[in-house]
Amino acid sequence: MSAGARRRRGVSDASCVPACGALPRVAGFAGRPMHSLHLNVNGTEHRLELDERTTLLDALREHLGLTGTKKGCDHGQCGACTVLVEGRRINACLSLAVMHDGDAVTTIEGLAEGERLHPLQAAFVARDGLQCGYCTPGQICSALGMLRELRAGMPSHVTQDLLAAPELADQEIRERMSGNLCRCSCYPNIVAAIRDAAQDVR
């Protein structure tokens, strides 16, 4: 019954509210069960107890303190949260942590070897492929995943010959990196950095 109908019939709003003990439980509040899982992140095993709705992005940032992976749009549209799961790039904001129980996850923190930068990191610095740097961790992780996809022979929207191995042309790089936005518009330098580092990336 609407509030207007209750007033017309002389029924008070208070009489329509059930007793406190009769209020329905709302899922997601205190008492929700936690889910146990383990992740191998950058070569280190982690056992976590998480709400099953926790995204992989929040698990990395809020529970493991790996804040290199950025939260940009939280809708899978900007690519700032890109990480590698079992070697393949994904948007961590769109994936639940519980979906990756037992998986190997690589974030930007896991690419360098001590003080030695990963070839892509070094190329981004050399080519000035960043300005504010917010999108850079996602750009680099995505570039690594993209190069592996290209070497595996996976075509893109701009690949002309689907029967031949795709070449590392600038248009291929741009197309394959189109899910990673740079608000500072460093795209030409990002493409150049990826092209420079490609031969040193495994």
Self-check item: Of all accessible heavy-atom area on the stretch 100-157, the percent that carbon and sulfur account for (1.4 Å)
Solution: 51 percent
Quiz item: Is the shape of the stretch 158-202 rounded, prolate or oblate, going by the alpha carbon gyration tensor and its root eigenvalues a ≥ b ≥ c, with a/c under 1.5 for rounded and a/b larger than b/c for prolate?
Solution: oblate
Exercise. Quick one: check the C-alpha center-to-center distance for the stretch 134-191 versus the stretch 30-64, whole angstrom.
Key: 30 Å
Quiz item: In what order, largest first, do ARG148, ARG88, ARG176 sit by accessible area if the probe radius is 1.4 Å?
Solution: ARG88, ARG148, ARG176
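The values are calculated or read from the model by the stated rules, or taken from the named source; none is laboratory data. A quick note: this is a predicted structure, and the numbers were derived from the prediction, not measured. Surface accessibility is based on the protein's heavy atoms, side chains included, excluding ligands, DNA and RNA. Shrake-Rupley method; radii C 1.70, N 1.55, O 1.52, S 1.80 Å.
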